[in-house]
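A short worksheet on the structure shown next.
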Amino acid sequence: MTALTPAFLPAADPGSSGVLDEAALRRRAARVIPGGMYGHLNAKLLPPGYPQFYERAQGCRLWDVDGREYLDFMCSWGPIIVGHQHPAVEEAARRQAALGDCMNGPSARLVELAERLVGLLPHADWAVFQKNGTDATTTAVTMARAGTRKRKIVLAKGAYHGAVPWCSPSLAGVTVEDRAHLIYFRYNDVESLEAAVREAGDDLAAILVSAFRHDMGQPQELPTAAFARTARALCDRKGAALILDEVRAGFRLSMQGSWEALGVRPDLSAWSKAIANGYALAAVTGNEAFRQAAQEVYVTGSFWMGGVAMAAALATLDVLENNHAVRHFEQVGQRLRDGLARQAQRHGLAIRQSGPAQLPSVLFEDDPDYAKGAYFAAEAIKHGVYLHHKHNMFLSLAHTVQDIDLALQVTDHACARLAAHL
């Protein structure tokens, strides 16, 4: 990706891949897929100009089916943490694929990965595996109920924990009974948390909480020490499980668990996204208090023991540890944040950047319908930088200082265009 001018990056000519094209694929999809696409990966939910279909990915770059190249700040919505097609991860996956993936039982990678997580995470005495983040959060909630013989789950209002009836943000197809035992609190609000626990009474199975507040379209919040410690103390007092949802933040804030720096260890943690750098894998890790519950519950899937993803996860953890990944994410994230702040000030734009710098979040002030953010993101995508206008973004080890500076050329152009538009 080379710059046309110092101001911004070019997009390739449509159809340069010579194989498929975006418009034709969208028409075909509309005939055979309800709505043409579904879920959070649906480009219809993004500003104009975003592609729906992709041809390939490498490092921190994507190419759509029309041949356009993008500097990627979504990392497949989180799963890519060491870069697309990282050679060490791909080699580990290839070696395992040559031996076997989905077999009558797991490969030895199952035990090796469980041992690795138990050795890495101070709270963990055991690990079990799934395929998606929703699998992991649902499994953790089921284990909490099995271990406590209680029903109520206390969780933050507006938090995202998956896409099944008990927690989906959509109410379509959901019954009142699906959520009969959920009680809500406000993230980082100790009094609200205490009130929710009082409402649960003697039937509290768990407090389920995200590693940080990452509600879409809202300012992000790192947990306060008082909030995290209160959650731990309430679970101890009530004999309930503290479940930490690490699906989005896992291994980007810390290699030991996102709340370890606060001195708070969960009973159960749910992991997915970046755990295997794009290979489908999830995990629940837990302490001795919930080992028996983990044995008792029946959760399974035909593909949950696949050896390829587990081999990829082992290699991913090696790459993260050997390259001081968390420090890298912090450094490039702060460089991006500082650059955007300077640009916004220079162009007379009010923005709010919140949460951890390694999971960038950029919202415009006085933008209730996200129109300013959408205009900004649409200008950036025209010139090869893939941002999101209301969801937190992600960084990988493949993002270099030079990539951040290249992106900042485009965002400066986008800021100037937005200021002129306003």
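Some observations on this one:
- Principal-axis tilt of helix 190-200 within the chain, Cα atoms, nearest 10 degrees: 50 degrees
- P(r) of the stretch 269-350 over all Cα-Cα pairs, binned every 5 Å from zero, in whole percent: 3, 12, 13, 15, 14, 12, 9, 8, 6, 5, 3, 1
- Tail weight of P(r) past 16 Å, computed on alpha-carbon pairs of the stretch 327-422, percent: 51 percent
- With a Cα cut-off of under 23 Å and a minimum spacing of 8 residues unless on different chains, the lysine pairs in the chain number 14.
- The charge dipole of the stretch 87-322, taken about its Cα centre with unit charges on the Cβ atoms of Lys, Arg (+1), Asp and Glu (-1) only, comes to about 280 debye.
- Principal semi-axes of the equivalent ellipsoid, √(5λ) from the alpha carbon gyration tensor of the stretch 34-177, are 31, 27, 14 Å from largest down.
- Of the GluC sites (Glu not before Pro) found in the stretch 297-373, those in coil by DSSP whose Cβ has at most 16 other Cβ atoms within 10 Å are Glu365.
- By the count of neighbouring beta-carbon atoms within 10 Å, fewest first, Arg109, Arg342 end up ordered Arg342, Arg109.
- Building the convex hull from the alpha-carbon atoms of the stretch 176-313 and averaging its projection over directions returns 10.0 nm².
- Its relative contact order, with pairs defined as Cα atoms under 8 Å and 6+ residues apart, puts the stretch 87-322 at 33 percent.
- Stokes-Einstein D (µm²/s) once Rh is taken as the Kirkwood radius of the stretch 135-239 over alpha-carbon pairs, at 10 °C in 1.306 mPa s: 112 µm²/s
- Placing +1 on each Lys and Arg Cβ and -1 on each Asp and Glu Cβ, with no other charges, gives the chain a dipole about its Cα centre of roughly 440 debye.
- Seen against the Cα atoms of the chain and their longest principal axis, helix 401-421 is set at about 70 degrees.
- Translational diffusion coefficient (Stokes-Einstein; Kirkwood radius from C-alpha pairs) of the chain at 10 °C, 1.306 mPa s, in µm²/s: 70 µm²/s
- Volume per residue that the Cα convex hull of the stretch 87-322 spans, once the total is divided by residue count, Å³: 128 Å³
- Karplus (6.51, -1.76, 1.60) ³J(HN,Hα), θ = phi - 60°, over the stretch 282-293, in Hz, Gly and Pro reported as x: 9, 8, 10, 10, x, 9, 4, 4, 10, 5, 5, 4
- Sites excluded, chymotrypsin sites (Phe, Trp or Tyr not before Pro) in DSSP loops with at most 13 other C-beta within 10 Å, longest stretch of the chain: 39-297
- Our helix-only sum for the chain, with -39,500 (n - 2.57) per DSSP H run of n ≥ 4 divided by its residues, gives a mean residue ellipticity at 222 nm of -12000 deg cm²/dmol.
- Largest first, the three principal axis extents of the alpha carbons in the stretch 158-203 are 32, 23, 11 Å in whole numbers.
- Angle between the chain longest axis and helix 225-238 axis [Cα atoms, degrees, rounded to 10]: 30 degrees
Throughout, read-outs are computed from the coordinates displayed, never taken from laboratory work. Fair warning: this is a prediction, and the values are worked out from it, not measured in the lab. All Cβ positions, even for glycine, are placed from backbone atoms using ideal geometry, and neighbour counts span all protein chains on display.
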